[in-house]
Structures are given as C-alpha cells and as structure tokens.
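All remarks here apply to the structure that follows.
Nothing in this text is a laboratory measurement; each read-out follows from the coordinates by a stated rule. Please read these numbers as outputs of a predicted model, since none were measured by experiment. Here the Cβ positions follow ideal geometry from the backbone for every residue, glycine too, while neighbour counts run over all protein chains shown.
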Amino acid sequence: MAIEFLIASNVLLWLTLIGCVVALFGITRQVGILHERSAPLGAMITDHGPDIGDAAPKFEVVDYFGKAHRIGGPQPQETLLMFTAPTCPICDKLLPIIKSVSRDENIKVFLVSDGQPEDHARFLKNHDLGDIPYIVSAEVGMRFQVGKIPYGVVIDSHGKIRAKGLTNTREHLESLVEGARSGHHSLQDYMKKTGISSIHSNGNGFHAEH
C-alpha cells in the first residue's frame, strides 16, 4: 500500500512539474510578444507646461559650483534640459547616455535637479559630469510643470521648445533629440502624421505597419 501511494505521489508531482513548465513557457512567450509590440516607444509627452512651439521660459541661474548660466532665449546651439534627481536610479543609468548625446549631437545639456543638499553632494562625488552644468532649482521644474523624472526638454537656438517628454531609456532620449530636429515632436507624432498604426521590433530592426 505504501509503495502504491509513493508511486502515485511521484506521478502527481511529475504531472504538476510538467504543468508548471508549460505555464512558464506560455508566460515567457507572452512577455516576449509584449516587449516586441511596445519597444521602442519614443519619449512620452505630457500635457502640462509650455507647449511645443512656445518660447521657453527664461532663467538666469547659477550652477552648483557657482557659475552663471542663461536658460531660454537665443543661444549659440540647441539646449537639452534634463530634469533629474540625485536619488533617481534611472537618472544614474541615463547619465552616460546624456553625456554621449551632449558630445556627439553638439547640444548644450543642463542637468536640472532638486532635493536635499547632502544628496546632491553625494551624487556629484560619485559622478563626473564633465562640462555639463548641474542646476539645483525647484523653480525651473515648476515653470515647465515637470511631474515625473527623468524628463527632457529640447530648446532650439531661437529659444523655442521643439520636443519634450519622459526619457526612461536610450531610445526615449534619442527620439527626443531626433524628433526636435526632424519636426516630429515625438515618435507618436511621427506615427500619427505618416499614418503608421504601430511599430514592431523583429530582431533585425523595426517594422512599421500602416
């Protein structure tokens, strides 16, 4: 009797294990499909703050190290305002990309942050920003009505806002800069104007569907 019970329990355990493997395979497949359908979304625009095409608010600011800067108005080059926080883990991961964009795209970048003084000190101790100014100002974020970070705003050399949106990934940040230069404020705007219903990743690039 004991042997029969042991055999039956082993069979039941094996059936349960096989069922779990099948369920896990199905979940993994669905996650993969979801990832392909959603990536890469461009920077997501919010409906708050100065609109695209408006003149950007003007500021005379002093960075963390005491150097004066002007934000808004006519500038020698494009400006990218990156709203971050010293305790934001996504901002930490984006920092090398932000530095690369500043260098490769010939765009002036300002990191605009807010928070406790000790957090800023620790952030700057752990990160080399190079020549990127670090602005501690709640007012700048309030004027642009930034509710979530990391958030980017591209301002052209005439002081006009050309693109803005949440920038959680490299794709978001690149789409923000490219969108500003191409006249499409975001990937979503490009899809709307060109009649594309969706963009999918197929492993060898991106496929657009009309």
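Points to keep in mind about this one:
- A simple count of charges around Pro150, restricted to other residues whose Cβ falls under 15 Å of its Cβ and scoring Lys, Arg +1 and Asp, Glu -1, yields +1.
- Shown in residue order for segment 82-99 are the 3J(HN,Hα) couplings computed by the Karplus curve 6.51 cos²θ - 1.76 cosθ + 1.60 at θ = phi - 60°: 10, 8, 9, 8, x, 9, 8, x, 5, 4, 4, 5, 7, 4, x, 5, 4, 5 Hz (x for Gly and Pro).
- Within the shell defined by Cβ-Cβ distances under 13 Å, the residues around Ile107 carry a net charge of -2, with Lys and Arg each +1 and Asp and Glu each -1.
- Note on Asp92 and Arg170: the extension gain reaches 26.8 nm, defined as 0.36 nm multiplied by sequence separation minus the Cα-Cα distance.
- Taking Cβ atoms as reference points and 10 Å as the exclusive limit, the residues near Leu81 contribute a net charge of +2, counting Lys and Arg as +1 and Asp and Glu as -1.
- Placed amide H near Tyr151: partners under 5 Å, 5+ positions off or other chain: Phe83, Thr167
- Mean separation of Cα contacts under 8 Å (6+ apart) over length of segment 80-190, as relative contact order %: 28
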